[in-house]
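The values are calculated or read from the model by the stated rules, or taken from the named source; none is laboratory data. What you see is a predicted model, and the numbers here were worked out from it, not measured in a lab. Here Cβ is always computed from backbone atoms with ideal geometry, including for glycine, and neighbour counts include all displayed protein chains.
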Amino acid sequence: MTFSNNGSIGFSDEQAELLEVAQRFCREKSPVDKVRSLLDDETGHDPAVWSELAELGWLAIAVPEEFGGVGLSLAEVVPVVEQMGRSLMGGPFLSTTVAAQAVLHGGTDAQKNALLPDLCAGTPAAVALMEGSGDWDLTNMSCTASRDGDALVLSGTKVLVADAATAAWLVVSVSLEGSAALIIVPKETLGDDALQREVVIDETRRSYKVTLDGVRVSADQVLSGASAAQTLAHIELVTSLLLAAEMCGGTASCIDYTVDYLKTRKQFGKLIGSYQALKHPAVDALIAYEQARSHVYAAAHSFSAQGEGEIATRMAKAQAATAMSFAADRAIQFHGGFGFTYDCDAQLYRRRAFWGDSQHGDSAYQRKRLADLMF
Amino acid sequence: MSNPTQQELDEYRTEARAWFTENTPKDPGFMLPLTFMEVGTQQQFDFLREWQNKVWAAGYLGANWPEQYGGRGLPEVFQNLATKEMSRAGGPIMINAIGLSWAGPLLLDMGTGEERARYIKNILSAEDIWCQGFSEPENGSDLGNAQTKAVRDGDEWVINGSKIWTTQGNFAKYMILLARTNPDAPTKYKGLSFFLAPMDAPGIETTPIRKLTGEYGFTQTFFTDARIPGDCLMGEEGEGWKVAMRTLEYERGARGGQPGGYVMTYPDITQVVELAKTANYNGKPAIEDPLIRDELVALLMESRSMRLSSARTGIAPLNQERPLSIPLSSKLASTEFMKHMAEFATRLQGTRAAYYVGDVDAHEHGIWQRGYLNSFSATIGGGTSEIQHNIVGEHVLGLPKS
């Protein structure tokens, strides 16, 4: 197979507008002292900010108007998530957006009507896909659902379910009669002890182990508008695109944070940014960031294109994770002794890059998938 | 002409395609240089000079330059189309690289009317080949410390000293020359002036330099009481550094205004993909090896990102905070990438990576092996990658000077 490696990039007026608004909003609502104050907060985010961003219509961006949305696409969500990432903003925006896309892709019109208008208005949701096997292949699952009259009875455990506690409902992947299925699990159907908070490397996240044993839901909660395998593949790419955007934004502010220090800290009587041992890797981080940003906006632009969308998205995720990991690693090192402390923000970025990289396949895994797609 | 219609563009493209299909030379029977820095023989030189002249005469080089100076006065989009067609037909490089890409745009930008009238047309036609006299044996990266002297004597300047890495120095008619006119200036930069020096002046001699590939392409240029006319000074005396810095912006591709064509043919990463499919790596096609696949994808991503970034510079909202970031880092990123790609393409040949140009068993005549060695010309020339790091660090990130 011969392929074109050109890719393409474009930028809509709506993207430009959202980029500007989101940048201002996130800077104002999520300064770093706020981020730090939320690290110890049980919910990990400010509900007032959540209400505001729901009012701004951000949850509705990529939902069609007939289901209460604005009717734009994920390309317009990308600048918003990028700016949230830039400000290390916590909260269930990414999870909720992915849950909405899961229902849009896999649900029936009735399911979309039942869930999406509320979601657009600010009801958080999340997806529960990962299991203890650690497999990035989402179709490999051991959780099951079995029929019991008009109900489904679930069993098994999901792990690393981001924002499960704030979500009003979860999209849960299970094996049903030997095939993959996605089931809407309303919060109230979960047992009292179903959620167990996990300690995760990125302290701005809220992540849970979800025990499904004994959960009963109505059989009409199965997403039945498309095959679950297709919807899972879609979810994987949507999440990858948004994580790439988030990491790209994080890389930008990590570089800013480091450069500020290089311009103010003196050693041996000179600003440390004048030393090439620090200056040159800072430039390498900048170049990696610019490459990541180009990949991210190219992926946003071509996300829905058959074939090319997946290639662009996997490239974006691989590059964004690589760029943020490098920038944050150097950020810690270049802050010297202070970099080793909890008070230095460099660790926030480094921890976040690990989270993003580990979700839905790290950079090496993305390259492996890309090789299979391209060669 | 402003805002050409799609129909006009389509017609132009059709004409250009037909012309290049008809006129692009076939294999001349000897190895053609892939870049302007590899012109090692008179045979190569004559061939390429004739080719450039022919392209220009047909209107496909400098179409975007003013008519009064030998161009066609068309919007740049036409020339870009012509250049694409030249590339599509696999046309050889334009030989007069320093004239076309650096000296020409510089003269259009900062030269006087008289200078433009005198030099530009013959740059396009390849009648006058240009070379560059910036680096010296003792002053490479520290260009501002150049010590070649120029002393005014009546109507002439008397030049003494030596310049090095003079690409096509043995073929050139003119040199853009940075020389010290005032050794006592308050700073080393203010003592420099910029000249458009005729290479046939008495007292100028060139000696070929043999490159690491074993081939030729550069000279060292010696000035021994060389006398050049007084009007060779470009700009004001003492402003040479400013003019030289502008020249380097053209050289590094950070500033547009070139007359089209290309002075290097870059191997494309897709050629490496094809190579990986056929090359035998430890008993199997290289493309089946997991580590080779991983590295190849990384290179594809990097190659694509540079194209995307170049397109992104046209999207203002995505360049607001550091508008110079992509333009100023592209030389560093692209030259290091080309080197890595050639190195990888050599390595994935397995045992055959050991062959070199001249051996019958060398893959594609050893083009990647030689390409790797030659790629250093770009990571060193025009400001080394280390200097580029300083430039980006200081001018884009705002870090203090090293």
* Structure fact -> The condition from (1) of a type outside the set (S, T, Y); (2) under 24 Å from the mean Cα position of the chain (by Cα); (3) facing chain B (nearest Cβ under 9 Å); (4) more than 15 Å from A:C254 (Cβ to Cβ) that A:A292 misses is numbered (4)
* Which of the residues that make up segment B:313-327 are more than 7 Å from chain A (Cβ to nearest Cβ), of a type in the set (A, V, I, L, M) and part of a helix (DSSP H, G or I)? -> B:A316
* Flag for B:I326 being closer than 12 Å to B:A254 by Cβ and in contact with a helix residue (DSSP H, G or I) (Cβ under 7 Å, 6 or more places away or on another chain) -> yes
* So which of A:D372, A:D284, A:D329, A:D343 is charged (D, E, K, R), in a helix (DSSP H, G or I) and more than 9 Å from chain B (Cβ to nearest Cβ)? -> A:D329
* To do: Output the number of residues of segment A:166-188 satisfying the condition of being in contact with a Phe, Trp or Tyr (Cβ under 6 Å, 6 or more places away or on another chain) and either more than 22 Å from A:S51 (Cα to Cα) or β-branched (V, I, T) (or both).
  => 1
* Quick one: would you say A:G249 is away from chain B (no Cβ under 11 Å) and in contact (Cβ under 8 Å) with a residue 40 or more places away in the chain? -> yes
* **Single residue of segment A:131-150 satisfying the filter (within 16 Å of A:D220 (Cβ to Cβ) and either touching a helix residue (DSSP H, G or I) at 6+ places or on another chain (Cβ under 6 Å) or crowded, with 17+ Cβ neighbours inside 10 Å (or both)) that is modelled with the highest pLDDT** => A:A145
* Among the residues listed as A:A371, A:A331, the single one being among the small types (G, A, S), touching a residue at least 12 places away in the same chain (Cβ under 8 Å) and touching a helix residue (DSSP H, G or I) at 6+ places or on another chain (Cβ under 9 Å) -> A:A331
* Counted residues, segment B:346-402 - those being away from chain A (no Cβ under 14 Å), in contact (Cβ under 8 Å) with a residue 12 or more places away in the chain and part of a loop (DSSP other than H, G, I, E, B) -> 6
* Say whether the condition of being surrounded by fewer than 16 Cβ atoms within 10 Å (Cβ to Cβ), assigned to a strand (DSSP E or B), assigned by TED's automatic domain parsing to the domain that holds B:D155 and in contact (Cβ under 8 Å) with a residue 12 or more places away in the chain is met by at least one residue in segment B:175-187. => no
* To do: Go through segment A:1-61 and tell me which helices (runs of 4 or more DSSP H), entirely inside it, have 2 or more residues that are under 25 Å from B:A316 (Cα atoms) and under 19 Å from the mean Cα position of the chain (by Cα).
  => A:13-29
* To do: With respect to A:G91, determine if the residue is away from every other protein chain (no Cβ under 13 Å) and either surrounded by 15 or more Cβ atoms within 10 Å (Cβ to Cβ) or out of contact with any strand residue (DSSP E or B) (no Cβ under 9 Å at 6 or more places or on another chain) (or both).
  => yes
* Please specify each residue of segment A:353-369 satisfying the condition of being part of a helix (DSSP H, G or I) and either at positive phi or within 10 Å of another protein chain (Cβ to nearest Cβ) (or both). => A:S363, A:A364, A:Q366, A:R367, A:K368, A:R369
* **Members of segment B:88-126 found to be under 13 Å from B:Y69 (Cβ atoms) and not in a helix (DSSP H, G or I), listed by number** => B:G111, B:T112
* Structure fact -> Picked from segment B:206-260 (must be among the aromatic types (F, W, Y) and either out of contact with any Ser or Thr (no Cβ under 7 Å at 6 or more places or on another chain) or at pLDDT 95 or above (or both)), the residue nearest to B:S377 (Cα to Cα) is B:Y216
* Structure fact -> Every listed condition ((1) surrounded by fewer than 19 Cβ atoms within 10 Å (Cβ to Cβ); (2) touching a Phe, Trp or Tyr at 6+ places or on another chain (Cβ under 9 Å); (3) of a type outside the set (S, T, N, Q); (4) more than 24 Å from B:S101 (Cβ to Cβ)) holds for B:G283 save (2)
* To do: Would you check if A:K270 is touching a helix residue (DSSP H, G or I) at 6+ places or on another chain (Cβ under 9 Å), farther than 20 Å from A:Q15 by Cβ and basic (K, R)?
  => no
* To do: Identify all residues within segment B:278-312 that are part of a helix (DSSP H, G or I) and more than 8 Å from chain A (Cβ to nearest Cβ); write none if there are none.
  => B:T278, B:A286, B:E288, B:L291, B:I292, B:E295, B:L299, B:S310
* To do: Would you confirm whether any residue within segment B:61-84 is of a type in the set (D, E, K, R), surrounded by 21 or more Cβ atoms within 10 Å (Cβ to Cβ) and either in contact with a Leu (Cβ under 8 Å, 6 or more places away or on another chain) or over 19 Å from B:I120 (Cβ atoms) (or both)?
  => no
